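Since the structure comes first, as structure tokens, the remarks are kept for the end.
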Amino acid sequence: MNHPELIIFDWDGTLFNSVGQIVASLQFAAQRFEQPLTHEAAQGVIGLGLPEVMQTLFPQVPHLHEQIVVAYGEHYVQHSTHDAWFDGVAELLHDLKAMGMKLAVATGKNRRGLDRVLTKTQSHHIFDITRAASETMSKPHPRMLEEILQVTEVEAKNAIMVGDSSYDLEMAMNIDMPRIGVSYGVHDPQVLARYAPLTIVKSVPELHHFLKQILQQKMPA
């Protein structure tokens with residue numbers, strides 16, 4: 001691959017250990033409105049924008065979508081006080097910045113939710129640009145990646161998308177952007193492998209090691 005200039009990260013399940021709480025909040029909201037929802041179904045939509053989540057999980061009750069979203073959001077904010085970065089993420093991001101990498105976030109969160117967790121992790125300054133699904137098109141459409149590339153003035157071939165879901169990797173594949181799957185989040189390695197990632201890692205330290213190897217091999221002596 002070409003010299004990487006930009007690393008784009010998904011948020012939930014890739015950088016932030018929040019998958020369990022997202023599932024619990026979706027199930028809480030579904031139960032409030034008497035809609036059946038399995039753990040597997042709730043986990044499987046993480047990465048999509050909220051409108052797409054509602055359409056996927058509750059197509060039979062479109063009139064309830066707005067109320068379900070409100071119930072989900074209230075429950076998530078109330079119960080996610082202990083959500084945090086996965087161990088090793090802070091070191092990974094600061095190391096990449098020290099190596100001169102541009103960093104970005106492409107997430108299925110809405111802008112309000114993303115800004116809340118960026119503030120919580122004190123990481124606004126780490127990322128050159130962040131994109132939330134509420135201000136562009138939801139994954140797996142590549143528009144949010146295209147917007148990130150435009151702002152950072154980097155070509156797709158010189159960027160890497162890192163994500164834990166099929167939506168992340170399919171989004172990158174749609175514009176021929178190199179991609180890395182992480183298997184400690186939403187989707188299993190067998191699912192991620194369908195999108196031809198450079199590798200699939202099992203932990204943040206393994207991701208850190210792989211990215212550092214790529215960057216050191218490509219950096220001039």
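Tabulated values for the structure
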item: Test item: Cα-centred dipole of region 124-221, Lys/Arg +1 and Asp/Glu -1 on Cβ, debye; result: 260 debye
item: Relative contact order of the chain, defined on C-alpha pairs under 8 angstrom at six or more residues apart (%); result: 26 percent
item: Helix-only [θ]222 nm of the chain, DSSP H runs n ≥ 4, -39500 (n - 2.57) each, per residue, nearest 500; result: -13500 deg cm²/dmol
item: Region 22-86: relative contact order in percent, alpha carbon pairs under 8 Å with at least 6 residues between; result: 39 percent
item: Low-density loop positions, trypsin sites (Lys or Arg not before Pro), region 163-208 - DSSP coil, at most 16 other Cβ in 10 Å; result: Lys202
item: Added length on full extension, which subtracts the Cα-Cα distance from 0.36 nm per residue, Lys120 to Val69; result: 16.2 nm
item: Loop sites in region 149-221: GluC sites (Glu not before Pro), DSSP, at most 14 other Cβ within 10 Å; result: Glu153, Glu155
item: Bins of 10 Å from zero: percent of alpha-carbon pairs in region 137-202; result: 25, 54, 20, 1
item: Pairwise label distance in nanometres, Lys202 with Val61, each label 7 Å out on the Cα-Cβ vector; result: 4.0 nm
item: The chain - charge dipole about Cα centre, Lys and Arg +1 at Cβ, Asp and Glu -1, debye rounded to 20; result: 180 debye
item: Cα-derived Rg to Rh of the chain, Kirkwood definition; result: 0.97
item: Extension gain (nm, one decimal) between Lys97 and Ala84, 0.36 nm per residue minus Cα-Cα; result: 2.7 nm
item: Mean shadow area of region 81-136, taken as a quarter of the surface of its Cα convex hull (nm²); result: 4.0 nm²
item: Longest to shortest principal axis, alpha-carbon extents of region 68-169, angstrom; result: 40, 30, 22
item: Under the Debye formula (equal points on every Cα, no solvent term), log10 I(q)/I(0) of region 15-76 at q = 0.18, 0.29 Å⁻¹; result: -0.54, -1.52
item: Relative contact order (%) - criterion: Cα under 8 Å, at least six apart; region: region 50-135; result: 29 percent
item: Under-5 Å amide H pairs with Arg131, H placed in peptide plane, nonlocal only; result: Val105, Ala106, Thr107
item: Pairs beyond 21 Å (Cα-Cα), from Lys102/Lys212; Lys109/Lys139; Lys157/Lys202; Lys157/Lys212; result: Lys157/Lys202
item: Stokes-Einstein D in µm²/s, Kirkwood radius over Cα pairs - region 1-111 at 10 °C with 1.306 mPa s viscosity; result: 103 µm²/s
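Where a number appears in this text, it was derived from the coordinates with a stated rule and is not lab data. Note that this is a predicted model, so its numbers are computed, not measured. Here the Cβ is made from the backbone with ideal geometry for all residues, glycine too, and neighbour counts use every protein chain on show.
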